[in-house]
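Chemist: Below is a structure I'd like to ask you about.
The values are calculated or read from the model by the stated rules, or taken from the named source; none is laboratory data. It should be emphasised that the depicted structure is a prediction, and the values quoted were computed from it without experimental measurement. Here the Cβ positions follow ideal geometry from the backbone for every residue, glycine too, while neighbour counts run over all protein chains shown. Surface accessibility is based on the protein's heavy atoms, side chains included, excluding ligands, DNA and RNA. Shrake-Rupley method; radii C 1.70, N 1.55, O 1.52, S 1.80 Å.
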Amino acid sequence: MKQIFPTIIAALVCIAASAQTTVKGVVLDSQTREGECFATLQFFNSADLSKAIAYTMTAEDGSFEYGLAGTGEYVMLFSNLGRLDVRVPFTLSGSEEVCDLGSILVEDDAETLDAASVVAQKNLVKMEVDKITYKVEDDVDAQASTVLDML
C-alpha cells in the first residue's frame, strides 16, 4: 500500500501537468464574412515571438480548434497568401477547458494584390508559307532611318 500511494500521486501530478486547454475560433473575411479555409495559424508564447510552439490550419469553414498545454500569455498569428497577418493575444489560466477566441476578421493585403502588367512585343517579321512580311511602322529604327536603309 505504501508503494501504490506515491505512484498514484505521481500519476495524478502528470495528468494535471499535461491538461490541455482547447483554443478555438473562426477566421472570417472582413467584407463577406465567409470562412478563410486552410489558413495557417501559429501559436507563440508571448515572451518569445521568434519561435512558434504550435501550428494548425483552419477547416473549410474557417474554424479551428487546437489543444495547448500550460498557462500564461500567448499570441496566435494568422497568415495566408494575399491577406494581412493578424495577431490575437490571449491568456490561459489552466482552469478553463476551452478558450474561445471568437470571430477573427481578416483583410486583403493591397500590396500583394497589385495588378500585374504583361508586356509583349510584336514580331517585325512574319513568315508565311508563300511570303515574308516586314512591318516598318513597328520597327523603332524606322523613325531614324530612310526607306532605303530599312530595305
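Chemist: Ordering Leu68, Leu148 from largest to smallest accessible area (1.4 angstrom probe), what's the sequence?
Modeler: Leu148, Leu68
Chemist: Using the heavy atoms of the protein chains and a 1.4 angstrom probe, tell me the accessible area per residue for the stretch 24-116 in square angstrom.
Modeler: Heavy-atom accessible area per residue stands at 60 Å².
Chemist: Given just the C-alpha atoms of the stretch 49-114, how large is their convex hull per residue in cubic angstrom?
Modeler: 105
Chemist: Moving to a separate point now. Could you check how much of the accessible area of the stretch 22-116 is carbon and sulfur, as a whole percent, using a 1.4 Å probe?
Modeler: In the stretch 22-116, the share of accessible area belonging to carbon and sulfur is 47 percent.
Chemist: Could you order the peptides 30-40, 88-98 from most to least packed, using the average number of other C-beta atoms within 10 Å per residue?
Modeler: Highest-to-lowest ranking by the protection proxy: 30-40, 88-98.
Chemist: Provide, for q = 0.19 Å⁻¹, the log10 of I(q)/I(0) from a solvent-free Debye sum over equal Cα point scatterers in the stretch 38-151.
Modeler: -1.05
Chemist: Asp48 versus Val140, label points 7 Å from Cα toward the beta carbon: distance in nm?
Modeler: Reported label-point gap for Asp48 and Val140 is 5.6 nm.
Chemist: Go through Ala52, Ala110, Leu77 and say which Cα lies farthest out towards the positive end of the charge dipole of the stretch 51-127; charges sit on Cβ, +1 for Lys and Arg, -1 for Asp and Glu.
Modeler: Working it through, the farthest residue towards the positive pole turns out to be Ala110.
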